[in-house]
Structure formats: C-alpha cells, structure tokens
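Here's the structure we're looking at; comments come further down.
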Amino acid sequence: MKIPVTLNGNKIILDAHADETLMKVLHKNGCTSVKSGCSGGFCGACTILLDDRPVASCKIPAGIVRNSDIVTLDYFVKTEEYITIISGFQKAGIKLCGYCTAGKVFSAYQIMKMPKMPTRQEITDYVKALSPCCTDLETLVNGIIYAIQISNKRQKRT
Ligand code: FES
Ligand code: FES
C-alpha cells in the first residue's frame with residue numbers, strides 16, 4: 001500500500017504492507033539511525049518521533065502512520081534541542097555507545113517538553129526501561145536534568 005507521510009521534513013509516499021513494522025519500512029528508506037534491537041518495544045534502539053512523540057517503531061504497523069510526521073535521529077541531530085540534550089549528557093559524563101541513542105535522546109526530548117519541571121523520580125520512572133548497558137540510570141537522569149537546566153538558561157536569554 002502507499003502511505004503518505006512527512007519523513008524528516010519531506011513529504012514522501014512509503015511503499016509498505018499494512019502490517020510491516022515502521023522500523024523495517026524506515027530502514028528500507030535509508031534511515032540508518034533507526035536500529036533493530038529487542039523488537040519488543042523495550043530497548044529504545046528503534047525510537048523515532050511520531051507526531052512529535054517518541055515511539056518504538058518496531059511496535060508500529062506501517063499502515064497506521066498515514067499523514068503522520070516522522071522524525072528520525074539522523075535528522076534530529078541538526079536541531080538545537082539535540083545540542084542541548086547532548087550538552088546535558090556530556091556534563092553528566094555520559095558516553096553513549098550508540099545502541100539505543102535514539103531512545104535516550106528522544107526520551108530526554110519528551111521530558112524537556114513537559115510543562116513543569118518533573119521530579120527526579122518522575123524522570124527515573126520515564127527512562128528506567130531503556131537499555132542501561134552503557135549508562136547507569138542515575139547518570140542518565142543526571143544528564144536529563146542538566147539538559148533541562150541548559151534549556152531553561154537558553155530560554156531565559158532569548
Ligand atoms: S527494537 Fe524497538 S524497542 Fe527495541
Ligand atoms: S546508547 Fe543505549 S546502551 Fe549505549
């Protein structure tokens with residue numbers, strides 16, 4: 001079936017079976033930052049933004065994304081939000097191995113968009129399911145808090 005979407009700012013038509021996972025379809029369309037991991041919606045390796053919300057693309061059937069706005073990490077890295085998140089991660093001493101960078105970055109992005117400052121416990125609850133391999137949970141939460149602080153400082157300046 002033909003599925004019109006906006007992928008990384010471009011209006012395109014995806015050619016896919018309705019029940020094919022969005023992860024597979026994005027691979028076929030050259031989005032190399034969408035990684036295949038657990039295929040169960042847990043690890044975060046395949047995370048994308050679907051209509052500005054992080055989702056595990058391995059759990060999304062391509063047939064339901066008609067007219068959606070899809071952003072993958074390879075495009076998101078050009079944004080100011082990404083630079084802010086990575087600055088926060090660096091301040092916390094986080095060195096991502098690459099396996100689930102998309103899950104960690106897009107989770108941080110979603111938390112940064114919350115209307116009021118989340119508590120440390122709320123941030124922990126949000127990210128605790130992500131693969132901890134290269135970053136322990138406490139350090140990841142520190143990185144997200146630093147990113148929020150950097151973002152708040154930038155907004156005060158503008
Ligand atoms: S591959 Fe999709 S969440 Fe792990
Ligand atoms: S980036 Fe996820 S385990 Fe390293």
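Assorted remarks:
- Residue in segment 42-53 that is outside the structural domain of residue 100 (by TED's automatic domain parsing), within 15 Å of ligand 2 (Cβ to nearest atom), of a type in the set (Ser, Thr, Tyr) and touching a His at 6+ places or on another chain (Cβ under 9 Å) present: no
- Residues located in segment 25-35, provided they are more than 17 Å from residue 107 (Cα to Cα), open to solvent by 30 Å² or more (accessible area, probe 1.4 Å) and in contact (Cβ under 8 Å) with a residue 24 or more places away in the chain: 32
- Of all the residues in segment 51-82, those that are within 13 Å of ligand 1 (Cβ to nearest atom) and part of a strand (DSSP E or B) number 3.
- Residues of segment 121-144 that are buried (at least 17 other Cβ atoms within 10 Å of the Cβ) and free of Cβ contacts under 8 Å to residues at least 40 places away in the same chain: 123, 126, 127, 141.
- Filter result for residue 39 (at pLDDT below 95, in contact with an Asp or Glu (Cβ under 7 Å, 6 or more places away or on another chain) and within 16 Å of ligand 1 (Cβ to nearest atom)): no
- Leading residue by the ranking (nearest to ligand 1 (Cβ to nearest atom)) among those in segment 83-117 that are open to solvent by 40 Å² or more (accessible area, probe 1.4 Å) and over 12 Å from residue 144 (Cα atoms): 99
- Test: residue 79 is of a type in the set (Ser, Thr, Tyr), modelled with pLDDT of 95 or more and touching a Ser or Thr at 6+ places or on another chain (Cβ under 9 Å): no
- Qualifying positions in segment 91-118 - within 14 Å of ligand 2 (Cβ to nearest atom) and touching a helix residue (DSSP H, G or I) at 6+ places or on another chain (Cβ under 7 Å): 92, 93, 94, 96, 101, 102, 104, 105, 107, 108
- Matching residues, segment 36-72, being of a type in the set (A, V, I, L, M) and open to solvent by 20 Å² or more (accessible area, probe 1.4 Å): 50, 55, 56, 60, 64, 71
The values are calculated or read from the model by the stated rules, or taken from the named source; none is laboratory data. Quick caveat, the model's predicted, so the values are computed rather than measured. Using ideal geometry, Cβ is built from the backbone for each residue, glycine included, and neighbour counts are taken over all protein chains shown. For the accessible areas, the whole protein counts, side chains as well, though only heavy atoms, and no ligand, DNA or RNA atoms are used. Shrake-Rupley method; radii C 1.70, N 1.55, O 1.52, S 1.80 Å.
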